Amino acid sequence: MSILNTPLPESIEISGGKYGIYTDFRRWTEFEQMMEMDPPAKRYAEILKKYYISLPPKFFEAVYALCKFYAGGIMPQENSENCGKRLYSYKQDADYIYCAFYAQYHIDLEKESMHWWKFLALLRGLDENCRFMQIVRLRAMDLNEIKDKSERRRIAGLKRKYALCDDKNSGLKDDDFADKISMLF
């Protein structure tokens, strides 16, 4: 699917049926954060209610389809570079993202209504010299590759300054997960 020649999806196909979804970027910037909620039963129940207009009958397919939509229609390869390594947070980096969109595209994200995939395309296209992309690049740096000790200390200090907060709750438990989820269907 290409953003250039295909209308952006407003629904997800699961087992031959189409299920409407909410596509505005504001909702989707919360998706990753919601996937980390505790407990899992509450997490998935909230996610399904927040993103589907009408709930699909198959739970696991419904969650997988949302993850695929969140990724822009393509699930990342597990062996791809930086897979699993978070380099930005829509919550923590909101100001930087807002400023980058405003400066580069003249888009006021506070006022704009935009499909999630359009937002992703614009985010991926941000100029490497904007503050947000500089911070992302800094977080991705491997300190072991920096030979100069003073430069390594300087970069280490910047990495600490711009480090992502860990909002995840530890000790997730799956007790009564199936019972709580089945109430949705």
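By accessible area, using a 1.4 Å probe on protein heavy atoms only, the range 1-111 has 53% of its surface on carbon and sulfur. Of the GluC sites (Glu not before Pro) found in the range 23-77, those that fall in a DSSP loop while having at most 13 other beta-carbon atoms within 10 Å are E36.
The values are calculated or read from the model by the stated rules, or taken from the named source; none is laboratory data. Since the model is a prediction, treat every value here as computed from it, not as a measurement. Cβ: placed from backbone, ideal geometry, glycine included. Neighbour counts: every protein chain shown. Only protein heavy atoms, including side chains, enter the accessible area calculation; ligands, DNA and RNA are left aside. Shrake-Rupley method; radii C 1.70, N 1.55, O 1.52, S 1.80 Å.
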